[in-house]
1. Please go through the stretch 286-318 and give me each residue that is within 10 Å of residue 260 (Cβ to Cβ) and within 14 Å of the ligand (Cβ to nearest atom), ordered by number.
2. From the residues in the stretch 240-260 that are free of Cβ contacts under 8 Å to residues at least 40 places away in the same chain and away from the ligand (no atom under 16 Å from the Cβ), which one is nearest to residue 293 (Cα to Cα)?
3. Out of (1) touching a strand residue (DSSP E or B) at 6+ places or on another chain (Cβ under 8 Å); (2) not in a helix (DSSP H, G or I), the odd one out for residue 238 is which?
4. Sort through 318, 336 and tell me the only one that's modelled with pLDDT under 90, assigned to a loop (DSSP other than H, G, I, E, B), touching a strand residue (DSSP E or B) at 6+ places or on another chain (Cβ under 9 Å) and crowded, with 22+ Cβ neighbours inside 10 Å.
5. Considering each residue of the stretch 306-315, count those that are more than 14 Å from the chain's Cα centre (by Cα) and in a loop (DSSP other than H, G, I, E, B), and give that number.
6. Out of the strands (runs of 3 or more DSSP E) lying entirely within the stretch 1-109, which hold 3 or more residues that are over 30 Å from residue 127 (Cβ atoms) and in contact with a helix residue (DSSP H, G or I) (Cβ under 6 Å, 6 or more places away or on another chain)?
7. Please enumerate the residues belonging to the stretch 224-235 that are closer than 11 Å to residue 253 by Cβ and part of a helix (DSSP H, G or I).
8. For the stretch 35-46, indicate whether the set of residues that are at pLDDT below 95 and surrounded by fewer than 16 Cβ atoms within 10 Å (Cβ to Cβ) is non-empty.
Ligand SMILES: [Mg+2]
């Protein structure tokens, strides 16, 4: 089989604006997403969603004529080029599309090909940042009613206020719901990070995500030593499996985060490599992000417990690139469709109508 075409559609659509903690640039009222199509001489096509900034055009020449089933060869060729070009996002999209293509060529869902650990997985509701305590409480009600058994807060990044939110949420949901907190690298001072970690321990949170910048490994290691609550880190590192290993070796991580469409993580192949490194250390590897490739990754690897689903759900996904398979059931589980490949369904009419740039 040979790759004969690499096409991209970049779409824009109007949605509600949303934001994260203080200091992080908000997401505006226009959603932007890419759809990558890798075409072959045998008519099978691999698809992957991707984020803005993926430089697909730059790597296209390297794909044409290649055997799309040689994913590791292609992955290694790209990975060796990360130092000199903006391929950090592109490698993830290409790798996910090649796995989709393999799934279609072999009539198997991707998660079975990746490993096949489980057919469904509990999802956790991962909030955007809301404007008031009351809104968080209302959203928690909606999530519990839907079936979620775990909730992760992206709060304001204000020490006392965030701690009060954690207290109120624990009180509201009771002891049986799993809670996590994502600081999105908000702390600069060790003493603040420790104080907040102690609040999370008091309210029995499961993990404390990215308290500090990932490159601040000395302080992260000190924090991991000091606190009992597990630190989930490495979401923003740039060296994929190698950086995950460095974080573990530094004692800076209790749980490693990685995602198939994140920059410099290396797609589904990179997630597998990272998860297997963590497995050797008896460590959890949490999949960051809530689109279809993430669900397949979470169902494929042993040492993960949850699939992340952003709530409210309507903010995130392009309506014409359907990821209904990431919807959860009444027990709070998400399950990939029993379809070949990733199971991405594209409403081509919608894509055509919303495409602002097309290449290939
Ligand atoms: Mg995070």
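1. 287, 288, 289, 294
2. That would be 241.
3. That leaves (1) as the condition not met.
4. Working: 336 fails: modelled with pLDDT under 90.
Answer to the check: 318.
5. Step one: of the stretch 306-315, the residues more than 14 Å from the chain's Cα centre (by Cα) are 312-315.
Subset that is in a loop (DSSP other than H, G, I, E, B): 312.
Residues that pass the stated criteria total 1.
6. Details: elements: 3-14, 30-40, 45-50.
Answer list for the stretch 1-109: 3-14.
7. Correct list: 224 only.
8. Scanning the stretch 35-46, I find no residue that is at pLDDT below 95 and surrounded by fewer than 16 Cβ atoms within 10 Å (Cβ to Cβ), so the answer is no.
The values are calculated or read from the model by the stated rules, or taken from the named source; none is laboratory data. For clarity, every value in this text was computed on a predicted model and none was experimentally measured. Ideal geometry is used to build each Cβ from the backbone, glycine not excepted, and the neighbour counts take in all protein chains shown.
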